[in-house]
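What follows draws every value from the coordinates through simple rules; no lab data is involved. Keep in mind the model is a prediction, meaning the values are calculated, not measured. We place every Cβ from the backbone using ideal geometry, glycine too, and count neighbours over all the protein chains shown.
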Amino acid sequence: MNTPDINTPHDIADKMKSSGAEAIDRARQAADQVEAEAHALTMRGKAAIQNGVTRAREVLAQTSDRTAQYVHDQPLKSLLWAAAAGAGIALLASALSKHHGGHR
């Protein structure tokens, strides 16, 4: 005699419990994967920043060395450039202070 496959409330509860546990497991695995990828991305970003800082320091040191060499090789020209730059900054500061003084 063939009896239909009847699910009891207990069977249904067991299936739901099993499905819920599987869903929780998949969610945990996905969260672990996201965490690992975020960590890897953070480490790559940190390395890129460190490389950028190192490169900036190298460029700054080279520029400083070149400037010192230029001043050593061309002292009068360097003095004139510095005076011109100072005068330009003074004129700019004066113009800005007059501009801001009129708006009060």
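Odds and ends about this structure:
- Any hit, the range 35-51, residues being surrounded by 10 or more Cβ atoms within 10 Å (Cβ to Cβ), in a helix (DSSP H, G or I) and in contact with a helix residue (DSSP H, G or I) (Cβ under 8 Å, 6 or more places away or on another chain): no
- Filter pass, Gln74 being under 38 Å from the mean Cα position of the chain (by Cα) and among the polar types (S, T, N, Q): no
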